Amino acid sequence: MIENLKGLYETVMYQHDSPIRLYSNEEYENYPLHWHTPIEIIMPTSNHYTAIIGGEHIHLDVNDILFICPGVLHALEAPQTGERIIFQAEMSMLRELPEIEFLLSLISPAYTISAKSSSVLHDEIRKLLLDITHEYHSNNMLSSTCIYSHLLEIFVLIARNYTANLRHLDSNSQKQQEYIEKFISICNYINNHCTEDLTLDMVANLSGFSKYHFSRLFKQFTNITFYKYLNQKRIVHAEMLLADPSINVSEVALSCGFQSLSAFMRMFKLIKKCTPTQYRNMYLSVSTEHFNQTTT
């Protein structure tokens, strides 16, 4: 259920003093368009379920697994009867790992795994999700650490399955591996330098490819264009800066690599569906509520 929705932004109400939430949802309730900061994984265990992302209806049968990336606008439609596992976990601590942004780009904005499309991968991830469910409801020590370790295993399985199927990059297997390693390195470079004045020509030159060849391979590898990838990373950085009320919005824009405040505001609203000021106000409101809850 959505317990705290302000505009389009949902505040996920965590339990067990950890940034993780999991529950067996059996409510006959449609959830309106919203977004939140944790990743969300949904698996129906009885009857179907439907997610709406970017205007597309994603139909989930029993045991299909849907990943919804942080910050992605989505709505959910439930049948009159049924049950599904809904798992949410904050990603901020994992984003310190150099490969995580690349991994998230593989499943952005959403990613579905079914037994029909990839039976081996589906079975492995379903088992890990059930292990997460069991661990969440246990009273074991280091339960959150165990759950995050399973989540990382899921990401590794997805990434390795993805790279194993990148046959279109090159027909030679050794060259394929070189391309994969090169583009993982390029994605990590963009992640680490996204606030700088990066250009397509500059990054293409670093990769050793022509601009046009690089653009084609980058989109094949990440499923999005270079500039869309770059702007997504800049907005993620802006979200962190906006959490500090002492930094004004103009400073945030320049600190994130945007050439003007108007360009920043335009891109922020395009990706987050709200202005930077609205996002900051929502964040500060949520932080105040959380502080009040922990001190009462």
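The values are calculated or read from the model by the stated rules, or taken from the named source; none is laboratory data. Everything numeric here is computed off the predicted structure, so don't read it as measured data. Every residue, glycine among them, receives a Cβ derived from its backbone with ideal geometry; neighbour counts consider all protein chains shown.
Can you confirm whether residue 224 is β-branched (Val, Ile, Thr), under 24 Å from the mean Cα position of the chain (by Cα), under 25 Å from residue 163 (Cα atoms) and surrounded by fewer than 20 Cβ atoms within 10 Å (Cβ to Cβ)? So residue 224 passes the test. Yes or no: residue 28 of a type in the set (Ser, Thr, Tyr) and surrounded by 15 or more Cβ atoms within 10 Å (Cβ to Cβ)? Spelling it out, it is not the case that residue 28 is of a type in the set (Ser, Thr, Tyr) and surrounded by 15 or more Cβ atoms within 10 Å (Cβ to Cβ). Annotation: residue 205 fulfils all but one of (1) more than 23 Å from the chain's Cα centre (by Cα); (2) polar (S, T, N, Q); (3) part of a loop (DSSP other than H, G, I, E, B); the unmet one is (3).
Going by the structure shown, is residue 44 in the same structural domain as residue 94 (by TED's automatic domain parsing), in a strand (DSSP E or B) and farther than 19 Å from residue 111 by Cβ? Against the criterion (in the same structural domain as residue 94 (by TED's automatic domain parsing), in a strand (DSSP E or B) and farther than 19 Å from residue 111 by Cβ), residue 44 does not qualify. Scanning the stretch 240-274 for residues that are closer than 20 Å to residue 228 by Cβ and not in a helix (DSSP H, G or I) yields 256, 257, 258, 259, 260, 273, 274. For the stretch 173-202, give me each residue that is in a helix (DSSP H, G or I), of a type outside the set (Asp, Glu), under 18 Å from residue 100 (Cα atoms) and out of contact with any Pro (no Cβ under 7 Å at 6 or more places or on another chain). Selection gives 180, 182, 183, 184, 185, 186, 187, 189, 190, 191, 192, 193. Scoring residue 108 on the criteria (1) without any contact (Cβ under 8 Å) to a residue 12 or more places away in the chain; (2) farther than 24 Å from residue 134 by Cα; (3) not β-branched (Val, Ile, Thr) leaves a single failure, condition (1).
If I filter the stretch 145-161 for residues that are surrounded by 17 or more Cβ atoms within 10 Å (Cβ to Cβ), outside the structural domain of residue 68 (by TED's automatic domain parsing) and either modelled with pLDDT of 85 or more or among the hydroxyl-bearing types (Ser, Thr, Tyr) (or both), do I get at least one hit? Scanning the stretch 145-161, I find no residue that is surrounded by 17 or more Cβ atoms within 10 Å (Cβ to Cβ), outside the structural domain of residue 68 (by TED's automatic domain parsing) and either modelled with pLDDT of 85 or more or among the hydroxyl-bearing types (Ser, Thr, Tyr) (or both), so the answer is no. Scanning the stretch 36-57 for residues being in contact (Cβ under 8 Å) with a residue 40 or more places away in the chain, farther than 18 Å from residue 133 by Cβ and surrounded by fewer than 20 Cβ atoms within 10 Å (Cβ to Cβ) gives a total of 3.
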